[in-house]
Amino acid sequence: MNVLVINCGSSSLKYQFINSNTEEVLAKGLCERIGIEGSQITYQPADGDKEVTVAPMPDHTKAVSLVIEKLTNPVTGVVKSLDDIDAVGHRIVHGGEKFATSVIIDDEVMKAIEECNDLAPLHNPANLIGINSCKALMPKVPMVAVFDTAFHQTMPPKAYLYGIPYSYYEDFKVRRYGFHGTSHDFVSAEAARVLGKDRKDLKIIVCHLGNGASISAVKNGKSVDTSMGLTPLEGLIMGTRSGDLDPAIVTFLANKLEVSAEEVLTILNKKSGVYGLSRVSSDFRDLEKAYREGNELAKITLETFSYHVAKYIGSYVAAMNGVDVIAYTAGVGENTSIVRAMVGEYLGYLGTNVDPERNKMRGETVILSDEGSKVVTMIVPTNEELAICRETVRLVK
Ligand code: AMP
């Protein structure tokens with residue numbers, strides 16, 4: 001089966017075209033600046049050169065039609081015609097409490113996704129536009145929605161409720177939802193597979209450290225807690241997001257800066273995190289370089305980031321009454337050994353001895369802790385697109 005995996009943002013559309021039998025990525029790419037002057041499509045076939053084409057894309061339907069054109073191009077395409085696209089898997093950011101699993105998209109599902117729009121006003125409407133565009137061009141092709149929040153729907157109320165009046169949960173569904181669920185699910189399953197164990201017998205902490213960062217406690221195969229909340233702003237310090245802070249800071253800063261609470265939230269989402277703290281960059285490669293050059297703020301930033309990760313790990317050990325596996329994933333988790341080393345310095349009490357030589361590994365599945373460790377620490381590269389492809393096949397077959 002050939003599955004087109006779509007991750008649609010408000011002005012962008014990422015895609016991967018995957019042969020589900022071999023799990024080979026036949027082609028992938030990105031449409032940028034949709035609806036804005038200067039839009040372009042990047043197309044990278046598995047066996048060919050990367051192409052960047054400047055092309056007007058007034059809307060997402062045009063973007064999807066260009067993706068199809070690229071995939072079916074007689075010279076550089078990877079399939080003959082539209083008929084060779086067997087299914088489409090859509091990444092949907094927020095499924096609220098309505099979706100605890102992936103689903104085949106029909107009118108009812110579209111309506112239910114739309115009802116979650118107020119929980120993710122930037123993302124869900126864009127995801128819906130992506131679905132509508134694909135439906136317009138491929139009306140007969142089955143489509144599946146895979147939700148970022150679904151895996152965390154197994155959290156118990158004690159993990160998802162905030163200490164605010166209960167009526168806000170009842171009336172407005174204010175609660176922790178968690179995100180990156182597809183990744184936490186994929187990585188915890190993969191960690192168990194690599195260790196030759198059943199995930200149902202393990203307590204796993206997944207540290208998804210990328211530009212967005214979240215951490216989860218996966219007990220017996222189910223998410224029992226995670227660090228992101230109602231929105232992806234809560235939890236760890238991220239590339240540009242603040243993560244946890246005293247909620248009173250919002251009005252305090254609004255008064256000091258003479259801006260609205262909404263504008264403070266923009267600062268907390270876009271100008272904070274390691275970017276705001278370090279004054280260097282949101283990119284950990286730049287941070288690491290600055291740290292090695294003796295930049296004091298870069299050092300403090302890496303230490304603060306790692307300290308927060310270590311504190312969350314500790315709290316999830318408490319939540320699960322133990323831990324068997326700590327799995328690092330995503331851009332920073334897979335690549336930035338200095339962060340793993342800094343976090344590891346707090347974890348001696350767990351009996352996980354990360355071998356400094358192995359800790360230099362990056363970007364591949366590898367066990368970092370030495371043989372005698374009570375807790376296995378490992379890198380497990382995430383692959384959300386493959387996870388979406390697998391979910392799509394599972395439902396469509
Ligand atoms: P993601 O959101 O998972 O794509 O991760 C993005 C983050 O991962 C950025 O902060 C990058 O600096 C970091 N990252 C990606 N690749 C590397 C690498 N090879 N070495 C260090 N950090 C990396």
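Every condition in (1) crowded, with 24+ Cβ neighbours inside 10 Å; (2) within 16 Å of the ligand (Cβ to nearest atom) holds for residue 211 except the one numbered (1).
The strands (runs of 3 or more DSSP E) found wholly in region 39-121 and carrying at least 3 residues that are in contact (Cβ under 8 Å) with a residue 12 or more places away in the chain and surrounded by 15 or more Cβ atoms within 10 Å (Cβ to Cβ) occupy 40-45, 87-92.
Of the residues 390, 362, 394, 279, only one is basic (Lys, Arg), on the phi < 0 side of the Ramachandran plot and free of Cβ contacts under 8 Å to residues at least 40 places away in the same chain; which? Steps first, answer last, please.
Working: 390 fails: free of Cβ contacts under 8 Å to residues at least 40 places away in the same chain; 394 fails: free of Cβ contacts under 8 Å to residues at least 40 places away in the same chain; 279 fails: on the phi < 0 side of the Ramachandran plot.
Of 390, 362, 394, 279, the one residue that is basic (Lys, Arg), on the phi < 0 side of the Ramachandran plot and free of Cβ contacts under 8 Å to residues at least 40 places away in the same chain is 362.
Which members of region 266-315 meet the condition of being within 30 Å of residue 121 (Cα to Cα) and of a type in the set (Asp, Glu)? Listed by number, the list holds a single entry, 283.
Taking region 315-356, which residues are over 26 Å from residue 156 (Cβ atoms), away from the ligand (no atom under 13 Å from the Cβ), β-branched (Val, Ile, Thr) and outside any helix (DSSP H, G or I)? Across region 315-356, the qualifying residues are 352, 354.
Within region 191-205, is there a residue that is surrounded by 24 or more Cβ atoms within 10 Å (Cβ to Cβ), within 16 Å of the ligand (Cβ to nearest atom) and of a type in the set (A, V, I, L, M, F, W, C)? Within region 191-205, none of the residues are surrounded by 24 or more Cβ atoms within 10 Å (Cβ to Cβ), within 16 Å of the ligand (Cβ to nearest atom) and of a type in the set (A, V, I, L, M, F, W, C).
Just to be sure, is residue 312 surrounded by 15 or more Cβ atoms within 10 Å (Cβ to Cβ), under 21 Å from the mean Cα position of the chain (by Cα) and in a helix (DSSP H, G or I)?
Details: surrounded by 15 or more Cβ atoms within 10 Å (Cβ to Cβ): yes; under 21 Å from the mean Cα position of the chain (by Cα): yes; in a helix (DSSP H, G or I): yes.
So residue 312 fits the description; yes.
Selection of region 300-312 for residues being farther than 10 Å from residue 342 by Cβ and either touching a Pro at 6+ places or on another chain (Cβ under 9 Å) or not hydroxyl-bearing (Ser, Thr, Tyr) (or both) yields 300, 308, 311.
Where a number appears in this text, it was derived from the coordinates with a stated rule and is not lab data. Nothing here was measured: the structure is a model prediction, and the numbers come from that model. Don't worry about glycine lacking a Cβ; one is built from the backbone with ideal geometry, like all the others, and counts go over all protein chains shown.
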